[in-house]
1. Do we have ASP320 as of a type outside the set (S, T, N, Q) and on the phi > 0 side of the Ramachandran plot here?
2. For region 359-384, enumerate the residues that are surrounded by 15 or more Cβ atoms within 10 Å (Cβ to Cβ), in contact with a Pro (Cβ under 6 Å, 6 or more places away or on another chain) and assigned to a loop (DSSP other than H, G, I, E, B).
3. When you scan region 114-136, do you find a residue that is among the basic types (Lys, Arg), closer than 21 Å to ARG277 by Cβ and not assigned by TED's automatic domain parsing to the domain that holds ALA301, even just one?
4. If you check SER200, SER170, SER194, which single one turns out to be more than 26 Å from the chain's Cα centre (by Cα) and polar (S, T, N, Q)?
5. So which pairs qualify, if the first residue must be in region 101-127 and without any contact (Cβ under 8 Å) to a residue 40 or more places away in the chain and under 18 Å from ASN52 (Cβ atoms), the second must be crowded, with 20+ Cβ neighbours inside 10 Å and among the small types (Gly, Ala, Ser), the Cβ gap must be under 7 Å, and the two must be at least 6 apart or on different chains?
6. Any residue in region 220-240 that's under 22 Å from ALA178 (Cβ atoms): show its pairings with residues that are part of a helix (DSSP H, G or I) at Cβ separation under 7 Å, as long as the two are six or more apart or on different chains.
7. Is it the case that region 385-407 has a residue that's crowded, with 18+ Cβ neighbours inside 10 Å, closer than 23 Å to ILE295 by Cβ and in contact with a His (Cβ under 9 Å, 6 or more places away or on another chain)?
8. Can you tell me which residue is nearest to LEU142 (Cα to Cα) among those in region 69-108 that are touching a helix residue (DSSP H, G or I) at 6+ places or on another chain (Cβ under 9 Å) and β-branched (Val, Ile, Thr)?
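The values are calculated or read from the model by the stated rules, or taken from the named source; none is laboratory data. Just so it is clear, the structure is predicted and the values come from calculations on it, not from any experiment. Heads up, the Cβs are rebuilt from the backbone with ideal geometry, glycines too, and the neighbour counts pull from every protein chain shown.
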Amino acid sequence: MTSSSTAAREAQYLPPSDLAANYKRGIQRDFVFKPHPSSTIPGSTRIKKVENFYVRPRWLFVRIETEGGVVGWGEGTLEGHTEAVQGSLADIARRIVGWDAMNIEDIYTYLYRHRFYRGGEVLMSAMSGVDIALWDIKGKVLGVPVWQLLGGAVRERCEVYGWIGGDRPSDVLEQAKARKAQGFTKVKMNATESIAWLDSPHALDETVNRLAQVKSIGIDAGLDFHGRVHKAMAKQLAQQLEPHRPLFIEEPLLPGHVNEMKDLYNKTTIPIALGERLFTRQDVRPYFEAGCIDIIQPDIAHAGGISETRKIAIMAEAYDIGVAPHCPLGPLAFAASLQVGFATPNFVICEMSWKMHYNTGGFDLLTYMTNPEVFEVRDGHIDLLTSPGLGIELNEELIRSEAEEAAKLEPWINPLFRGPDGTVREW
């Protein structure tokens, strides 16, 4: 063998990429930590008051104040179950007043384990609102953003996607163009309208056409089956979508169908995502162990807040599963999701409700914020939030006045879908 042929077979070491050179010393941010004045006063971090505010379009905010005057905000929105969560929050409030707000894990463990009956969407959503507020407090007391408390930043920006199409998907091409102009590179839309347990195969044609339209402008799209599509139709739809390569399919089957999900997983190459209706590590465990999903989507306002969402994310990494927080909700849930994303290696993308179809009546993601610029979408991403706590500032006066008005109205409920024969269908 000649020396020249030997040299041709040797490994070629290329120079580092621009990104590698830029981050050769890791994620660099210059911070001046400014702890809150009360941090030096014994007993100042005890919980003084817990309040909740239902505000339009459909969000439930939690406010916790310490004896030292630090205010933390959280979100326990559970769409369609507002009053149930408010009842749970009233119970939680009387239990934790006087506790040290800095001991988040102790409070979380008490609220989850002590009352024998545990888990479920109502209790976990109430706990989420409290937990997020406690992390906000801790960050503000210590003068650091929450991601610093979770181990520090592993990225400088989080990728996000916006919604198109609405509950009954339509006009997706024009809406996709608008999203692209707003700075998004990825979107999500509902896969189908109301659909029967066994429907005509032609009921799926429009779904395929919509995906093709959106992708024609150079933007990626995830498809949310929303649990509407039962097994007989789901496997047909996944097969028809595969040539068009959606970003992922979400909730292709209803929660609880682990074996059926595994069967579907083995029939398609499309990434499968789910998790908005799973609330704890115990809930996600069967899906992880079955190897039937690629992306877990915990909703931080339902899944125990930052504490449990972070644990689910760490657990997911052991199974090579990415994390894409579900978040069609308010600014507090979104900020909390981003804080987890900034510190989580297997984070992939986060849902963003800005200009979403649920945000009606002049109420939107930025309505209650006084620093909306921190949520600016640039090249499909949100930059690192650097202020203490969750990194957002709220107009408390507006929240209180709106809560008074919203209390006179019925809370938001989800639409009702029925088939031609009158039977209730999955929404």
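1. Here the answer is yes, as ASP320 does meet what is asked.
2. ASN359, PHE363, LEU365, LEU366
3. yes
4. Exactly one residue qualifies, and that residue is SER200.
5. Close Cβ pairs satisfying both conditions: LEU123/SER88.
6. ALA221/LEU211; ALA221/VAL214; ALA221/LYS215; LEU223/LEU211; LEU223/LEU241
7. No, region 385-407 contains no residue that is crowded, with 18+ Cβ neighbours inside 10 Å, closer than 23 Å to ILE295 by Cβ and in contact with a His (Cβ under 9 Å, 6 or more places away or on another chain).
8. The residue in question is VAL70.
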